[in-house]
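No value in this document is a laboratory result; all are computed from the given coordinates. Note that this is a predicted model, so its numbers are computed, not measured. Quick reminder, even Gly has a Cβ in these numbers, built from the backbone with ideal geometry, and neighbours come from all protein chains shown.
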């Protein structure tokens, strides 16, 4: 009987309250998005890069040779910082893609850093090792292991050229990545390097760029000699 008597102004009050909450949520979202764009623009200016709120190149298509851009659908990059640093291509960006559909739909959010390499790299992929990887190793499907047991247990490494992987991940670089805490996913393919992870924010983009730069500067001289390329072959932005 109590609920039957609530047909007066009470439903209107509920409707107004719900509408107000929605409006506040939208306004807060707009403010946060604006603050994020402003922070990204400041980082771009600090690094000497240009900033675009939208994706001017269709990054998922332009860099489709990376595994990151083969997952899911509705792939979209935004907040793109791009240009050249030390004469080499740099592209920092937010990224999202969707898996599933309808009520089972999930959107995945990442940040990425693409850097031009001074070499033509073999296809290489490094990510955090998971339980399925350990199960696969039990039946003989092992990844590439290194002298560092800690690094081999923490990361799953695959590469088209095993020797290239060993050349790139020498002891000094392995020690650096272990000191970074949890390193991002790392891909090399041809003249470009990609680092990505699910953390968000301008400082995380700076972190990805810093790690990528360290990877590049630590490439051994004999690898540069054997696989080195010019800026034109690299395809600078």
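Per-structure values
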{"quantity": "Hydrodynamic radius by Kirkwood, which averages 1/r over all alpha carbon pairs of the range 62-117, in angstrom", "calculated": "12.5"}
{"quantity": "Residues 158, 163, 103, sorted so that the one with the fewest Cβ neighbours within 10 Å comes first", "calculated": "103, 163, 158"}
{"quantity": "Value of Rg/Rh across the range 49-234 [Cα atoms, Kirkwood radius]", "calculated": "0.96"}
{"quantity": "Packing rank of 62-73, 115-126, where each peptide gets the mean count of other beta carbons within 10 Å, highest leading", "calculated": "115-126, 62-73"}
{"quantity": "Separation of alpha-carbon centers, the range 145-201 and the range 68-112, rounded to whole Å", "calculated": "20"}
{"quantity": "Mean Cβ count within 10 Å, highest first, over the residues of peptides 47-57, 217-227, 180-190, 87-97", "calculated": "87-97, 180-190, 47-57, 217-227"}
{"quantity": "Radius of gyration and maximum dimension Dmax of the range 168-219, Cα, Å", "calculated": "10.9, 30"}
